[in-house]
C-alpha cells in the first residue's frame, strides 16, 4: 500500500463551490484534484494499491479528510473537474468522525493531522515528509515500501504542522534540485517506487 | 532550450469548445492542457527555457500547432481551464502557415508533424521519442541538453507518425517500468534534466 496525504490549507470544506472556479472560490482545490489524479492514474489503468488522503482546512467547516481508495474507486477520470466533482459530492455529506462513503472508493470524515498520523503510526506505516532540503528520494526509496508521503499545497506546510509530522519520526526527502508543484512531486514519488519495485 | 511536442489526435482545431467539457467535446484537450502545465510550471515560477508545441489533429480544421513559449508567456495558471482558455483563444484566430501570436507567449499556425520535425532538425536539435520499449532516460539524459521530446496523447502515436519520427533519427526512450499518462512523462523528463543540469 502506497499512500499520499496532501494538506489543503484554504481548500473549501463544503460542497458549495463551482467546478468552474476551483483555484479561486474553492481555495486552490485544483491542486488537490491534480494530486489525486497524479497519485491514482496509470495509462488506461488505475493504481489499485494507492490511497490518497486530502486534509481540507478551509472554511466553512475546517478539518475534513476526503480519502480516495484506489482499490474500490469508481467514476474518476483524469481531468480536474472529475476529481473535483467527487470531492464536492463528499463534502456535500454531513459527517462526524466516523468515515462514510460518498461514492464508490471515496470516503469522508472529520479529522485533523495529528489524529491521521497517529493512525498511520499505529499501523506501523513509515511516514515520509517532502521538503526541499530533505535527502534525495533516489538514495532512500528502497526503504519506502508501504510508506505514507506527506506534502503541503502551494504554501507548503506550516511550522505547527511540521512539528507534528517530525514528532512522529518522519523521514524528510526531496525529489530533485528544483522546487516543484505537489502533483509533480506525487508523480516523481510514484515513478521512484515503481522503479524500486521493478528492480530498476 | 528544452522543448516538448505533444500530438493530440482528436483535439479540436477551432476555439468552439467549452472549457467545461475538454475531455469530451474538445477531443481530450484536457491531456494537452495538463502536459502544457507540467512542462512549464515550477513552484511559484515558470520554466522560461521551455517551449511546448501542441499538434492538434482533430476536426474541423486539422493540422494546427499551438506553441507556448515559456520565456514570454503570460496569463497561464496551473489549472486545466487556464491553459484550455489560452488554447481556445489561439484556435479562435484565422491562421495560415505563418505563425501569429494570440496572447503573450502563445503562438498558432497551420502545420504538420513532418514539417515541424524538419524545422527542429535544421536547427540541430536532438529528437527524443517516448515509447515504452525505449532506453531508460536515466541512462542517456546527460546527452539531452537542447532536446525536443515527442509524445502522443492517450492513444500514443500512429504507425505513420512513428515512421516520420524515426526517419529523422529520433532516440527512443522510456521514463520507467509502467505505462504512464503523457503529462506524467513530461514531469519525469523535466526532473531528469533538472538533475542532469544540477549534477545530481
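Volume per residue for the stretch A:1-146 equals 118 cubic angstrom (convex hull of Cα atoms).
Between helix A:113-122 and chain A there is an angle of about 50 degrees, using the helix long axis and the longest principal axis of the Cα atoms.
Counting alpha carbon pairs within less than 8 Å and at least 6 residues apart, what relative contact order, in whole percent, applies to the stretch A:7-110?
Values: 214 pairs, mean separation 30.2, N = 104.
For the stretch A:7-110, the relative contact order is 29 percent.
Would you work out if the stretch A:153-197 is rounded, prolate or oblate? Take a ≥ b ≥ c from the square roots of the eigenvalues of the alpha-carbon gyration tensor; rounded if a/c is under 1.5, else prolate when a/b is larger than b/c, oblate otherwise. Oblate shape, in that a/c is at least 1.5 and b/c is the bigger or equal ratio. Between copies, the label points of residue B:143, set 7 Å from Cα on the Cα→Cβ line, lie 3.6 nm apart, reported in increasing order to one decimal in nanometres. Its DSSP H runs of at least 4 residues, each contributing -39,500 (n - 2.57), put the calculated 222 nm mean residue ellipticity of chain A at -9500 deg cm²/dmol, to the nearest 500. If R0 is taken as 56 Å, the Cβ-Cβ distance between residue A:46 and residue B:98 corresponds to a FRET efficiency of 0.80. Ranking of B:88, A:123 by neighbouring Cβ atoms within 10 Å, starting from the fewest: A:123, B:88. Over the whole of A:184-191, what's the average partner chain Cβ count within 10 Å per residue? Rounded to a whole number, please. Neighbouring Cβ atoms belonging to other protein chains average 6 per residue here. Taking A:51, A:63, A:98 in turn, the Gaussian network model of chain A (Cα-Cα springs below 10 Å) assigns the largest fluctuation to A:98. Shortest first, residue A:199 label-point distances to identical copies amount to 3.5 nm, with the label point at 7 Å from Cα along Cα→Cβ. Semi-axis lengths, largest first, of the ellipsoid equivalent to the stretch B:113-199 are 20, 17, 10 Å, with √(5λ) applied to each eigenvalue of the Cα gyration tensor.
Which whole number gives the average, over all residues in B:18-28, of C-beta atoms from other chains lying within 10 Å of the residue C-beta?
Across B:18-28, the average partner-chain Cβ count within 10 Å equals 2.
Mean per-residue shielding of peptide B:170-183 is 4, counting Cβ atoms of other chains within 10 Å of each Cβ. Expressed as a whole percent, the proportion of Cα-Cα pairs in the protein assembly as shown lying more than 40 Å apart is 14%. Taking other C-beta atoms within 10 angstrom as a stand-in for reagent exposure, B:1, A:151 fall in the order B:1, A:151, fewest first.
In nanometers and ordered shortest first, the copy-to-copy spacing of the residue B:160 label point, defined 7 Å from Cα toward Cβ, is 6.1.
Any read-out appearing in this document is the output of simple, stated calculations on the displayed coordinates, not a laboratory observation. Everything quoted here is computed from the prediction, not taken from an experiment. Glycine also receives a Cβ, built like all others from the backbone with ideal geometry; neighbour counts cover every protein chain displayed.
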